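Notes to accompany the following structure.
The values are calculated or read from the model by the stated rules, or taken from the named source; none is laboratory data. Small disclaimer: the values here were computed from a predicted structure and weren't measured. Virtual Cβ from ideal backbone geometry, glycine too; neighbours counted across all protein chains shown. Accessible surface areas use protein heavy atoms only, side chains included; no ligands, DNA or RNA. Shrake-Rupley method; radii C 1.70, N 1.55, O 1.52, S 1.80 Å.
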Amino acid sequence: MKSSSFSGFYKLPMDDRVREVQEFAGLSDEEASLLKGFMGLPRDTADRMIENVVGCMPLPLGIAVNFQVNGADRLVPMAIEEPSVVAAASHAAKLARATGGFTAKASPPLMIGQIQIVGVGEEDFNDKAAGILGAKKELLDFANSLDPVLVKFGGGARDIEVREVKTSGGRMMGVHLVVDVRDAMGANAVNTMCEALAPKIEELTGGTAILRIISNLAVKRTVRAGVKYKKEDLGGEGNVDRIVNAYYFAEGDPFRAATHNKGAMNGIDAVVIATGNDWRAIEAGVHAYAAMGGRYLPVTKWWKSAEGDLEGSIEVPMAVGLVGGATKTHPVAKVCVKILGVKTAAELAEIIACVGLAQNFAALKALATEGIQRGHMGLHARNVAVAAGATGELVDRVAAKMVEEKRVRADRAKELVEEMKGKQAPFPVN
Ligand code: MEV
């Protein structure tokens, strides 16, 4: 098996990085040049994907190295505009290798579709609900007749649940259709089934169906991941305690929990976007799941083991797919799936959860020890230098000077660009 462990990957010229990834993932020359060419989305494909297309909004695509998930080495493509995220994920994955990397397990791919029914009298509610449940088999058979391909691949409608929903507009019925969507994200299959089932539910209840749509709170399609970091790799047990305390703070305070979870989403979203999946669906699902108990909580947990090491876990809904949608139409998303080497949506979900856990760990480690700014500053300084007009090797020199002076500001960058422009070094400065 090829190793995803690279030291100094970031120091390689970009073409060499692509070559390494090409070798690791068995990419064709065409796929590799798609990455190198910065022309990932052809005009016509973009024009067919959404309406009123006028251009593209490219994001940098980075590769997080060092990941081991369930014993397999993975290179992880991440599409994101924020500096430090890819480096932080790679660092977290590198430290995790000392204990064998991450473990992860996705649940079966069960999505929920909702049919909203209004106008069922309070006194009739239980009888009508029982009527639906009594007709479950016929309803499921009917739903499955709508999608023979999904059924052929081992998926299909599995269950029906009836919920009472108290609203400010009165009592309503929420009929949940549970569908095994296999390797799809599932919205199309589920929405089609819900729309077709709605008249039958109206008939059974005497009520009126209004909404017929998938729920992004994918509580039946979750993924769990875990990791262990050795205390020696964290600078000792004192830092383990500091990280665990940082987690407790998020557990006790929604203001912190939102930022804590944002850190995990930095990793999750970046992989979801790189693979052409629907990151709004993932965001909505994860945050709703985090608040399921009535209070917004962190999506990860961290604790100290009996040996004084740091252990952590994440549990999130993860409705990602490999068939349908942009995953299959976006040429770069297809290459990203190939780089990941995943064959099922469950495997993809497992890797994504691990990246979220790694990202959260990296943020907590930095925040609870040296603070986030030191690591951030170097990269931020480079952006400030570029905005001030630095090009080529001047970018690194201006950035290094601003970091040294602890004055990472646009005005200082402009001064330095002017000062240094005449004195460009004949060789690159580290
Ligand atoms: C920044 O994008 C993410 C962090 O704020 C996450 C955190 O505070 O845990 C660093």
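A few remarks follow.
- Within segment 302-318, tally of residues that are assigned to a loop (DSSP other than H, G, I, E, B) and open to solvent by less than 10 Å² (accessible area, probe 1.4 Å): 2
- Leading residue by the ranking (surrounded by the fewest Cβ atoms within 10 Å (Cβ to Cβ)) among those in segment 268-301 that are without any contact (Cβ under 8 Å) to a residue 40 or more places away in the chain and not in a helix (DSSP H, G or I): Gly294
- Residue within segment 358-367 that is surrounded by fewer than 19 Cβ atoms within 10 Å (Cβ to Cβ) and more than 16 Å from the ligand (Cβ to nearest atom) present: no
- Filtering segment 383-405 to residues that are touching a residue at least 24 places away in the same chain (Cβ under 8 Å) and in a helix (DSSP H, G or I) leaves Asn383, Val384, Ala385, Ala387, Glu393, Leu394, Asp396, Arg397, Ala400, Val403.
- Conditions (1) of a type in the set (Val, Ile, Thr); (2) assigned by TED's automatic domain parsing to the domain that holds Ala346; (3) in contact (Cβ under 8 Å) with a residue 12 or more places away in the chain; number of the one not met by Val178: (2)
- Going through (1) more than 10 Å from Gln116 (Cα to Cα); (2) in contact with a Ser or Thr (Cβ under 9 Å, 6 or more places away or on another chain) one by one, Val175 falls short only on (1).
- Applying the set (1) in a loop (DSSP other than H, G, I, E, B); (2) farther than 22 Å from Gly341 by Cβ; (3) in contact with a Leu (Cβ under 7 Å, 6 or more places away or on another chain) to Gly40 leaves exactly one unmet item: (2).
- From Leu61, Leu95, Leu75, residue being touching a strand residue (DSSP E or B) at 6+ places or on another chain (Cβ under 8 Å), closer than 17 Å to Ala270 by Cα and open to solvent by less than 40 Å² (accessible area, probe 1.4 Å): Leu75
- Matching residues, segment 64-88, being among the acidic types (Asp, Glu) and over 16 Å from the mean Cα position of the chain (by Cα): Asp73
- Restricting attention to segment 268-283 and to residues that are within 13 Å of the ligand (Cβ to nearest atom) and of a type outside the set (D, E, K, R), the residue that is farthest from Lys304 (Cα to Cα) turns out to be Ala270.
- Among the residues of segment 368-380, just one is at pLDDT 90 or above and either buried (at least 17 other Cβ atoms within 10 Å of the Cβ) or more than 16 Å from the ligand (Cβ to nearest atom) (or both), namely Ala368.
- Filtered residues of segment 252-267 (kept if within 13 Å of the ligand (Cβ to nearest atom) and open to solvent by 20 Å² or more (accessible area, probe 1.4 Å)): Asp253, Phe255, Arg256, Ala258, Thr259, Lys262, Asn266
- Any chance Val190 is touching a helix residue (DSSP H, G or I) at 6+ places or on another chain (Cβ under 7 Å) and either at negative phi or within 16 Å of the ligand (Cβ to nearest atom) (or both): no
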